[in-house]
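Asker: One structure, as structure tokens, below. Some questions next.
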Amino acid sequence: MKPKKPSEVLAMCREHGVKAVDLRFMDFPGLWQHFTIPVTKLVEDVFEEGLGFDGSSIRGWQAINESDMLVVPQADTAFLDPFTVLPTIVMICNIQDPITREDYSRDPRNVARKSVNYLKSTGIADTCFIGPEAEFFIFDDVRYDQKPNEGYYHIDSSEGEWNRGKNTKAAGEGPNLGSKLRYKEGYFPVPPADQLMDIRNEMMQTMIDCGLDVEAQHHEVATGGQSEIDLRFQDLVSMGDAMLMYKYIIKNVAKKHNKTVTFMPKPLFSDNGSGMHTHISLWKGGQPLFAGSGYAGLSDMALYAIGGLLKHAPSILAFSNPTTNSYKRLVPGYEAPVNLAYSQRNRSASCRIPMYSPSPKAKRVEFRCPDPSCNPYLAFSAILMAALDGIQNKIHPGEPLDKDIYDLSPEELANVPTTPGSLDEALDALQKNHEFLLKGDVFTKDVIDTWIHYKRKNEADAVRLRPHPYEFCLYYDI
């Protein structure tokens, strides 16, 4: 049973012989950070008073003259770390200013908490359930570098189709046993074609042991180790926490087996990228609010929520698809959900209404654009805020897109808006349209401006200014 109070965390430490306490929090772009204290330093006062650290060294956070910050551990997030040699308990922390004791506005977890508080304040609903389907690649080897005079990457997988003709004996790797997955044919094959079942099972069981509610695991469409493990939906903040545990567990189980995992949306050319289709539903008093008698069994509220998602999608993508690599997955003409439309079954639409179950409790909207490179706290919050804006302003999503996108005439296709084509375009959209995010002080103007500045300077500009290896193939002899 998960602890809920500080006293229960201390009892858990005694019961399991814990020697170290790992305190974790999220930096601005979306990576977990941590420091560790001896278990003897964990007393009940720490849960109220917090512990100090240097916030100026965290990406996108404090200036050097405002560096002192506090981490405040949250008892209900505690779990035993399955990977450390020394028995260790992990807790996720909130970040506070040590002088004012206010929650820090640039702490992504604080943004998520504020989005839920704002939801409750509207009276529309009291719970936002989120269910992400994160995909990832498990590779055997990765090498990459970028210097003034060279840049390259090399990734490899024993099940990748490109290794069908490899002389593995000559490389000292034993015989090549075939069973390579053809490009775009990796969905649901059994072993030996699926070479990663045992590793995914270990990932799944480790998640369960740490308290996560896993629904399924399977191989995904791409060759070269693309995989998916699905978690059962949870409330928004808890799911943000769960996704960080999810990534931590997946990466460390892979490392145990001398493999490496990436959540990059598009690590392979000419095969499927990794998305994170995100399911959202609103509830009040234990009752689902998205079920009704409208299209696909939706309520008017759900349709308005879709209207908000479609209207604000270009801005949402600045958070839900926040890398330059994200837009190598979101490309028209492929299976990626680039069409800003909705449908009950059409997977080329950015908003889909799953029809697996007639139960009102199962009625939800699947926003298919996001990818797993995102900061989940910020992405889930932006999705909720857009849905709420649609509900508050009764933004109708228009007619559904139930036709196959490839059957549309050029005239019909021209009327379907699409997602931004680059990170720069998504940031431009966010700069122009972010008022809906500022409601309830959920995303502050400072958070929006800092995000745009950080992403432009450190990612969009950094990639644009460097020559691409393929440019040498195209232009060296020009």
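The values are calculated or read from the model by the stated rules, or taken from the named source; none is laboratory data. In this text the structure is predicted, and so the values were computed from the model without any measurement. Because the Cβ atoms are built from the backbone with ideal geometry, glycine has one as well, and the counts that use them run over all protein chains shown. Areas reflect the complete protein model, heavy atoms only, side chains present, ligands, DNA and RNA absent. Shrake-Rupley method; radii C 1.70, N 1.55, O 1.52, S 1.80 Å.
Asker: Please give the direction-averaged projected area of the C-alpha convex hull for the range 350-478, in square nanometres with one decimal. Write down the numbers at each step before the final one.
Answerer: Working: hull surface 50.1 nm².
Hull-based average projected area comes out at 12.5 nm².
Asker: What does the charge count near residue 252 come to, summing +1 for each Lys or Arg and -1 for each Asp or Glu among other residues with Cβ under 15 Å from its Cβ? Walk me through the numbers before you get to the answer.
Answerer: Details: positive: 24, 200, 247, 251, 255, 256, 259; negative: 22, 81, 202, 209.
Counting the neighbours of residue 252, the net charge comes to +3.
Asker: Compute the length gained on full extension between residue 355 and residue 205: take 0.36 nm times their separation in residues and subtract their Cα-Cα distance, giving the result in nm to one decimal.
Answerer: Values: separation 150, 0.36 × 150 = 54.00 nm, distance 2.87 nm.
Difference between extended and current length: 51.1 nm.
Asker: Then there's this: Calculate the radius of gyration of the Cα atoms of the range 159-289 to one decimal place, then report Dmax, the largest Cα-Cα distance, as a whole number, both in Å.
Answerer: Both quantities, over Cα of the range 159-289: 17.3, 65 Å.
Asker: Continuing with the same structure: So if I place +1 on the C-beta of Lys and Arg and -1 on the C-beta of Asp and Glu, and nothing else carries charge, what would the dipole magnitude of the range 413-478 be about its Cα centre? I want it in debye, nearest 20. Please list the in-between numbers first.
Answerer: Numbers: 8 positive and 11 negative charges, 22 e Å.
Rounded to the nearest 20 debye, it is 100 debye.
Asker: Among rounded, prolate and oblate, which fits the range 27-138 when a ≥ b ≥ c are the square roots of the eigenvalues of its C-alpha gyration tensor, a/c under 1.5 means rounded, and a/b larger than b/c means prolate?
Answerer: Values: a/c = 1.45, a/b = 1.14, b/c = 1.26.
Rounded shape, in that the Cα axes give a/c under 1.5.
Asker: Per residue Cα convex hull volume for the range 381-456, in cubic angstrom?
Answerer: Values: hull volume 9.3 nm³, N = 76.
Hull volume normalised by residue count: 122 Å³.
Asker: Further question on the same structure: What are the ³J(HN,Hα) values, in whole Hz, obtained from phi via the Karplus relation 6.51 cos²θ - 1.76 cosθ + 1.60 with θ = phi - 60°, for each residue of the range 34-51 in sequence order, with x given for Gly and Pro?
Answerer: Per residue, the Karplus-derived 3J(HN,Hα) values read 7, 9, 10, 10, x, 4, 5, 8, 8, 10, 4, 4, 4, 5, 9, 8, x, 10 Hz.
Asker: Using the Cα atoms of the range 124-236, I'd like the radius of gyration and the largest Cα-Cα distance, Dmax, both in angstrom.
Answerer: Expressed in Å, the Cα Rg and Dmax of the range 124-236 come to 18.0, 65.
Asker: Just list whichever of 5/361; 311/361; 311/432; 114/439 have alpha carbons separated by over 19 Å in the model shown.
Answerer: Values: 5/361 30 Å; 311/361 26 Å; 311/432 13 Å; 114/439 10 Å.
From 5/361; 311/361; 311/432; 114/439, over 19 Å: 5/361; 311/361.
Asker: Give me a comma-separated list of calculated 3J(HN,Hα) values for the range 215-228, in order, Karplus coefficients 6.51, -1.76, 1.60 applied at θ = phi - 60°, integers in Hz, x for any Gly or Pro.
Answerer: 9, 6, 9, 6, 6, 9, 5, 6, 5, x, x, 5, 9, 8
Asker: How far is the Cα center of the range 146-172 from the Cα center of the range 267-344, in Å?
Answerer: 35 Å
Asker: Here is a further query. In whole Å, what are the Cα extents of the range 65-124 along the three principal axes, biggest one first?
Answerer: For the range 65-124, the Cα extents along the three principal axes come out at 46, 38, 15 Å.
Asker: 5 Å is the cut-off here: which amide hydrogens, built 1.01 Å from N in the peptide plane, fall below it relative to residue 284, excluding neighbours closer than 5 in sequence?
Answerer: Answer set, sorted by chain and number: 126, 289.
Asker: Magnitude of the Cβ-charge dipole of the chain, K/R +1 and D/E -1, about the Cα centre, nearest 20 debye?
Answerer: Working: 51 positive and 63 negative charges, 67 e Å.
Using Cβ point charges on Lys, Arg, Asp and Glu, the chain gives about 320 debye.
Asker: I've got another one for you. Considering only DSSP beta bridges where both residues belong to the range 1-123, give the percentage that are antiparallel (nearest 5).
Answerer: 80 percent
Asker: For the range 265-390, with all protein chains present and a 1.4 Å probe, just round the carbon and sulfur fraction of the accessible area to a whole percent. Don't skip to the end; give the middle numbers.
Answerer: Values: 2010 of 3640 Å².
Carbon and sulfur together cover 55 percent of it.
Asker: Right, next: Label point 7 Å out from residue 184 along Cα-to-Cβ: which residues of the range 305-331 have amide N under 14 Å?
Answerer: 331
Asker: Sticking with this one: What fraction of the Cα pairs in the range 241-314, stated in percent, has a spacing above 13 angstrom? Could you put the intermediate results ahead of the total?
Answerer: Working: 2111 of 2701 pairs.
Value for the range 241-314 (Cα pairs over 13 Å): 78 percent.
Asker: Need the C-alpha centroid separation for the range 95-122 versus the range 426-478, integer Å.
Answerer: 25 Å
Asker: Can you sort 279, 34 by solvent-accessible area, 1.4 Å probe, largest first? Walk me through the intermediate numbers first.
Answerer: Values: 279 15, 34 110 Å².
The most accessible residue leads, giving 34, 279.
Asker: Please work out the average accessible area per residue across the range 367-450, using the 1.4 Å probe convention, and give it in Å².
Answerer: Numbers: 3500 Å² over 84 residues.
For the range 367-450, the per-residue accessible area is 42 Å².
Asker: Something else: Mind checking which helices in the chain clear 20 Å along their axis (Cα) and have mean Kyte-Doolittle hydropathy of 0.5 or more, DSSP H runs only? Don't jump to the answer; show the numbers that get you there.
Answerer: Details: long enough: 108-122 (22 Å, -1.00); 236-256 (30 Å, 0.38); 300-320 (27 Å, 0.96); 376-392 (24 Å, 1.25).
Span-like helices in the chain: 300-320, 376-392.
Asker: Above 13 Å lies some portion of the pair distances; for the range 335-380, what is it as a whole percent of all C-alpha pairs?
Answerer: Working: 605 of 1035 pairs.
Value for the range 335-380 (Cα pairs over 13 Å): 58 percent.
Asker: Can you divide the C-alpha Rg of the chain by 2.2 N^0.38 Å and report the result to two decimal places? Don't skip to the answer; put the middle values down first.
Answerer: Details: Rg = 22.9 Å, N = 478, 2.2 N^0.38 = 22.9 Å.
Expressed relative to 2.2 N^0.38 Å, the Cα Rg reads 1.00.
Asker: Next question, about the same structure. So if I place +1 on the C-beta of Lys and Arg and -1 on the C-beta of Asp and Glu, and nothing else carries charge, what would the dipole magnitude of the range 320-478 be about its Cα centre? I want it in debye, nearest 20. Working shown, then result.
Answerer: On the way: 19 positive and 21 negative charges, 127 e Å.
Charge dipole, the range 320-478, about its Cα centre: 600 debye, nearest 20.
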